[in-house]
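A.B. asks: Before I ask anything, here is the structure I am working with.
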Amino acid sequence: MPRNIEIKARIARIDALLPKAAAIADQGPVEIAQDDTFFRCESGRLKLRTLSPSAGQLIFYRRADRQGPKESFYQVTPTSEPDSLRETLSLACGQIGRVQKTRTLFLVGRTRIHLDRVEGLGHFLELEVVLEDEEPLETGIQEAHDIMARLGVEPSQLIEGAYLDLLTKTLA
């Protein structure tokens, strides 16, 4: 199963990080509207990401909900019928929440920099360092720390959990 090292940090403003991310990126920026619907899943998280009426991804992932760099295992399956798949999964598993965001994507080598505007939550940075099959976690963790430093993101800004968890706490 593919895996990466992931960090998520709360940031004050995306526009403050945009020039820093562009300066170190090999590719980007790419603007992506994402509508993620989460479903009940006992062994991790299952979400349907709708990118357009004819494009989506069913994503299963498993990772610890803690601050700092963490290993994430994931599987992505594309779909050309996200609305129909959402309806089927809602009937079969039940929805537990929805997250809507606009993501600005940059690539720095194998690391994806996401600058996210999350509806109802604010602005965030997410880094995903894609690991090779047998690559040690420490290599990806060091890469995440290096990019955080280059972007001026402090460890105190790191958050735990998923956007869905933050939205649930906000609504409670």
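A.B. asks: Using heavy-atom solvent-accessible surface (probe 1.4 Å) with all chains present, what is the largest-first order of R62, R112, R13?
C.D. replies: Sorted descending by solvent-accessible area, the residues read R13, R62, R112.
A.B. asks: Still on this structure, please answer the following. Across segment 86-171, how large is the tail of the calculated P(r) beyond 20 Å, expressed as a percent of all Cα pairs?
C.D. replies: Within segment 86-171, distances greater than 20 Å cover 49 percent of Cα pairs.
A.B. asks: Still on this model: Could you work out the mean projected area of the convex hull around the alpha carbons of the chain, in square nanometres to one decimal?
C.D. replies: 9.9 nm²
A.B. asks: While we're looking at this one, here's another question. Please report how far the C-alpha centroid of segment 89-110 lies from that of segment 58-81, rounded to the nearest whole angstrom.
C.D. replies: Rounded to whole Å, the Cα centres lie 10 Å apart.
A.B. asks: Per 0.36 nm of contour for each residue apart, how much would the distance between S84 and S43 grow if the chain were fully extended, relative to their Cα-Cα spacing?
C.D. replies: 12.4 nm
A.B. asks: Given the whole protein assembly as supplied and a 1.4 Å probe, what does the accessible area of E87 come to in Å², nearest 10?
C.D. replies: 120 Å²
A.B. asks: Here is a further query. Which percent of Cα pairs goes in each bin when the distances of segment 3-48 are cut into 5 angstrom slices starting at zero?
C.D. replies: 4, 13, 13, 23, 20, 12, 10, 4, 0
A.B. asks: With charges set only on the Cβ (+1 for Lys and Arg, -1 for Asp and Glu), what does the dipole of segment 24-172 come to about its Cα centre, in debye to the nearest 20?
C.D. replies: So the dipole magnitude of segment 24-172 works out to roughly 520 debye.
A.B. asks: Going by accessible area, probe 1.4 Å, with all protein chains left in place, what is the ranking of L107, L167, L115, largest first?
C.D. replies: Largest to smallest exposure gives the sequence L107, L167, L115.
A.B. asks: Another question about this same structure. What are the principal axis extents of the Cα atoms in segment 1-101, in Å, biggest first?
C.D. replies: Over segment 1-101, Cα extents along the principal axes are 44, 31, 26 Å.
A.B. asks: Provide the solvent-accessible area of E128, counting protein heavy atoms only and rolling a 1.4 Å probe, rounded to the nearest 10 Å².
C.D. replies: Here the residue's solvent-accessible area equals roughly 20 Å².
A.B. asks: What number, rounded to the nearest 500 deg cm²/dmol, is the helix-based mean residue ellipticity at 222 nm of the chain, given -39500 (n - 2.57) per DSSP H run of at least four residues and division by all its residues?
C.D. replies: That calculation yields -8000 deg cm²/dmol at 222 nm.
The values are calculated or read from the model by the stated rules, or taken from the named source; none is laboratory data. These figures come from a predicted structure and were not determined experimentally. Using ideal geometry, Cβ is built from the backbone for each residue, glycine included, and neighbour counts are taken over all protein chains shown. Ligands, DNA and RNA are excluded from the accessible area calculation, which covers all protein heavy atoms including side chains. Shrake-Rupley method; radii C 1.70, N 1.55, O 1.52, S 1.80 Å.
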